[in-house]
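Chemist: Next up is a structure, given as structure tokens.
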Amino acid sequence: MRIVLARLGALLSLCVLAACASTPTYNPTTFSAEIDQAKITANPIKTVVIPHVNLGAPSRNYLEKEAPRIDGMIAGYLKENGYKVIPQREFQQRWSTGVRAFGNPIDPTTGKVNMRTFAQIMESIRDDMQKEFKLDAFVFTDLMELEVAFNIGMKHLARWDGVSRKPALQGPGDGVSVGFDWNQLAAVASLQIAIFDNQLQRVFFGRGGLDATEAIDTRSSSGRFTRRRNMLENETHLNEGIQLAFHPLIEMKAWPGNP
């Protein structure tokens, strides 16, 4: 009997450990997505395209360079979850046609967007792609930059939009000065998802943290952050941010938000 009870206790302990391991750690910075479930239920989204342009102002140049690669990962994630993704070049070709017809909605000097012109181009693209591909929705994927401090706990974590990240080092050294100011702000990137249906009505809006775009400069005696030479390379971090940005439209198993 003692042996049986001992084994039972061991099994219960393993179950408790497994439950703890599968329970995501709550992150108070997790973004609360906006979803119009009624519209999505009435008109299910099956066929989408990922525009190569931002919904808002263009991302910073060094983030724009990474956008095609991240859009490719997003397309893969959507396909894995049952969506048909039209090649981005189909949107790009029609966007160029729309710019010639209506003008460029983005002011190259200020980055401001003329929403009237933007809407005219989107309507023309929608009409054409709906006719040819039976398009259901546009999935805008904006890379945005925020500022946070790496000042949480002994590991000096930063938390934003559902993720926790350690600071990266850049330079010849491998340490940080004793007097380093951990409360100073550093630049980080997030992925913002905005989905518009074929009536150009927004049906989903979400966001997920990706990674820091700045690292601690080990060459600096005073200690400061500098732009990373190689950014947004960690695919595990990128995949986490993509999953966060699409939840709950595509349910994330280890979603760290408040249930």
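The values are calculated or read from the model by the stated rules, or taken from the named source; none is laboratory data. Keep in mind the model is a prediction, meaning the values are calculated, not measured. Glycine gets a Cβ as well: all are built from the backbone with ideal geometry, and neighbour counts include every protein chain shown. The area values use the complete protein model at the heavy-atom level, side chains included, leaving out ligands, DNA and RNA. Shrake-Rupley method; radii C 1.70, N 1.55, O 1.52, S 1.80 Å.
Chemist: What would the Debye formula give as log10 I(q)/I(0) at q = 0.22, 0.24 Å⁻¹ for the alpha-carbon point model of the stretch 151-259, no solvent?
Modeler: -1.16, -1.29
Chemist: From the helices alone, meaning DSSP H stretches of at least four residues, give me the mean residue ellipticity at 222 nm for the chain, per-run term -39500 (n - 2.57), in deg cm²/dmol to the nearest 500.
Modeler: Values: 7 runs with 91 residues, N = 259.
It comes out at -11000 deg cm²/dmol, rounded to the nearest 500.
Chemist: Quick one, could you list the DSSP H helices from the chain stretching 27 Å or more along their long axis (Cα atoms) with average Kyte-Doolittle hydropathy of 1.0 or above? Write out the running numbers ahead of the final one.
Modeler: Details: long enough: 2-22 (30 Å, 1.84).
Length and hydropathy pass: 2-22.
Chemist: Follow-up. Using a 1.4 Å probe on the protein chains only, how many percent of the accessible area of the stretch 143-259 belongs to carbon and sulfur?
Modeler: Values: 2480 of 5680 Å².
Exposed carbon and sulfur together represent 44 percent of the surface.
Chemist: Could I ask something else about it? Quick one: dipole size for the chain, taken about the Cα centre, charges +1 on Lys/Arg Cβ and -1 on Asp/Glu Cβ, in debye to the nearest 20. Write down the numbers at each step before the final one.
Modeler: Values: 29 positive and 27 negative charges, 80 e Å.
That gives a dipole near 380 debye.
Chemist: Can you figure out the FRET efficiency of Asn258 with Ala101, using R₀ = 51 Å and their beta-carbon distance, to the nearest 0.05? Display every interim value, and only then the final one.
Modeler: Values: r = 46 Å, r/R0 = 0.91.
In this case the efficiency is close to 0.65.
Chemist: List the longest stretch of the chain that has no exposed loop site; here a site is one of the trypsin sites (Lys or Arg not before Pro) assigned by DSSP to anything other than H, G, I, E or B, with at most 16 other Cβ within 10 Å. All intermediate terms of the calculation are to be shown ahead of the outcome.
Modeler: On the way: sites that count: Lys46, Arg60, Lys65, Lys112, Lys134, Lys155, Arg219, Arg229, Lys253.
That gives 156-218 as the longest site-free run.
Chemist: Considering the dipole of the chain built from charges on the beta carbon (Lys and Arg +1, Asp and Glu -1) around the Cα centre, which of Met144, Thr97, Pro44 is farthest to its positive end?
Modeler: Pro44
Chemist: Hey, another quick one. Any idea how far apart Arg89 and Ala42 come out in nm if each label point goes 7 Å out from Cα toward Cβ?
Modeler: My value for the distance between the label points is 3.7 nm.
Chemist: With springs only between Cα atoms under 10 Å, which of Met154, Met129, Met231 fluctuates most in a Gaussian network model of the chain?
Modeler: Met154
Chemist: Considering the Cα trace of the chain, what is its radius of gyration and what is Dmax, both in angstroms?
Modeler: Here Rg and the maximum Cα pair distance are 22.2, 84 Å.
Chemist: So, one more: What are the extents of the Cα atoms of the stretch 104-148 along their three principal axes, listed from largest to smallest and rounded to whole Å?
Modeler: 43, 25, 13
Chemist: Return the FRET efficiency for the residue pair Lys79, Glu235: r is the Cβ-Cβ distance, R0 is 22 Å, and the value is rounded to the nearest 0.05. Intermediate values should be presented prior to the final figure.
Modeler: On the way: r = 17 Å, r/R0 = 0.76.
Computed FRET efficiency for Lys79 and Glu235: 0.85.
Chemist: Lys/Arg Cβ at +1, Asp/Glu Cβ at -1, dipole of the chain taken about the Cα centre: which of Gly82, Gln130, Ala245 is farthest positive-ward?
Modeler: Farthest towards the positive end: Gly82.
Chemist: Report, in cubic angstrom per residue, the convex hull volume of the C-alpha atoms of the stretch 59-177. Walk me through the numbers before you get to the answer.
Modeler: Working: hull volume 21.3 nm³, N = 119.
Roughly 179 Å³ of hull volume per residue.
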